[in-house]
Amino acid sequence: MSQIQKHSCEPNNWVKLYSDQLYRFALIRVNNNQLAEDLVQEAFISALKSLPKFKGDSSEKTWLYTILRNKIIDYYRSQEKKMASKFYDINNEEGNDHFFYNEGKSSGEWVKGHEPTNFHEAADQPLEREEFMRILKVCMDLLPFKWSEVFRMKNLEDFSSKEICKELDITSSNLWVIIHRAKLQMRECIKNKWEN
Amino acid sequence: MKKLMHMIMLDCNEATRLTSIKKYKKLSLMQRTQLSMHLMACKFCNQFAKFNDVVDDLMEQICSNSVNEDSKLSEKKKEELETIIEEVNK
Ligand SMILES: [Zn+2]
């Protein structure tokens, strides 16, 4: 009787085979060498601990990526808790009430005090561009992981929106909501940091 | 007439939504027309659209600068990891 081919797991080869790829995967997502190294290490340790649970249904590579991705998500969750107070209603599921009136005569219009101004023009000034970039990076990192992941997948790996949805397990209408909110929140974040 | 205008004109919430996603999703002709009409009439959403273009560009740069094919884990870290794996996997 033939057996179904199961994937095997060889921890002794992990560093040689996967460590650079995993490191790049983490680096793209956290933008910090030291942190990316630590996350790879944590992922390896978790994988070793749960080795008995490895059933061989997926390849060890896929399995390691999943573990690393979860480590990155955990990292961002812990950051979000720290940042939550600094970044306006990041987990607000209510919608965009913060930016737009949602009822009455002015429904759908910009809430007073939140109307866009032209501060972004600084990005065109050679002297101010670097600072603008720096703030943009900070604000990108403050977005919930899934949100910023959308931009990384699009800009870095040029995933189609269909692929992004599949990877992040969201519907396409969710994707549009996330992108819209992410842009609104980032503008608010950059503006606040720029003007202070 | 007012009702008709309402059907054709986007509100700012919807206009910024279309602006935000246009790099990711091809808008329909109707949506593009509605959006450009709104942007002509509304200086706030017009500013938002300019901000959006700047940020889309810069994000692309930031993402591609952050990592390249040659980014590798340091040799020191690799040795550390080898040791850890050996230890735990005894
Ligand atoms: Zn508007």
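Anything in the stretch A:161-177 that is more than 9 Å from chain B (Cβ to nearest Cβ), out of contact with any Lys or Arg (no Cβ under 7 Å at 6 or more places or on another chain) and at negative phi? List them, or say none. If you could, list the steps in order and put the result at the bottom.
Quick first cut of the stretch A:161-177, residues more than 9 Å from chain B (Cβ to nearest Cβ) only: A:162-163, A:165-171, A:173-174.
Adding the requirement that they be out of contact with any Lys or Arg (no Cβ under 7 Å at 6 or more places or on another chain) leaves A:162-163, A:165-167, A:169-171, A:173-174.
Listed by number, the residues that qualify are A:Lys162, A:Glu163, A:Cys165, A:Lys166, A:Glu167, A:Ile170, A:Thr171, A:Ser173, A:Asn174.
If a residue counts only when it is at the interface with chain A (Cβ under 7 Å from one of its Cβ atoms) and polar (S, T, N, Q), which helices (runs of 4 or more DSSP H) contained entirely in the stretch B:4-90 have at least 1 such residues? Spell out the reasoning first.
Numbers: elements: B:12-21, B:29-41, B:43-66, B:75-88.
Passing ranges, in order: B:12-21, B:43-66.
Within the stretch A:111-134, restricting attention to residues that are farther than 18 Å from A:Lys183 by Cβ and within 16 Å of the ligand (Cβ to nearest atom), the residue that is modelled with the highest pLDDT is A:Lys112.
Inspection of the stretch A:157-166 finds no residue satisfying the criterion of being assigned to a helix (DSSP H, G or I), more than 15 Å from the chain's Cα centre (by Cα), over 19 Å from B:Lys25 (Cβ atoms) and not β-branched (Val, Ile, Thr). Restricting the first member to the stretch A:52-71 and to residues that are in contact (Cβ under 8 Å) with a residue 40 or more places away in the chain, and the second to residues that are loosely packed, with under 12 Cβ neighbours inside 10 Å and not in a helix (DSSP H, G or I), the beta-carbon pairs closer than 7 Å and six or more apart or on different chains are A:Gly56/A:Lys6; A:Gly56/A:Ser8.
The values are calculated or read from the model by the stated rules, or taken from the named source; none is laboratory data. Computed from a predicted structure; not experimentally measured. Backbone-built Cβ (ideal geometry, glycine too); neighbour counts: all protein chains shown.
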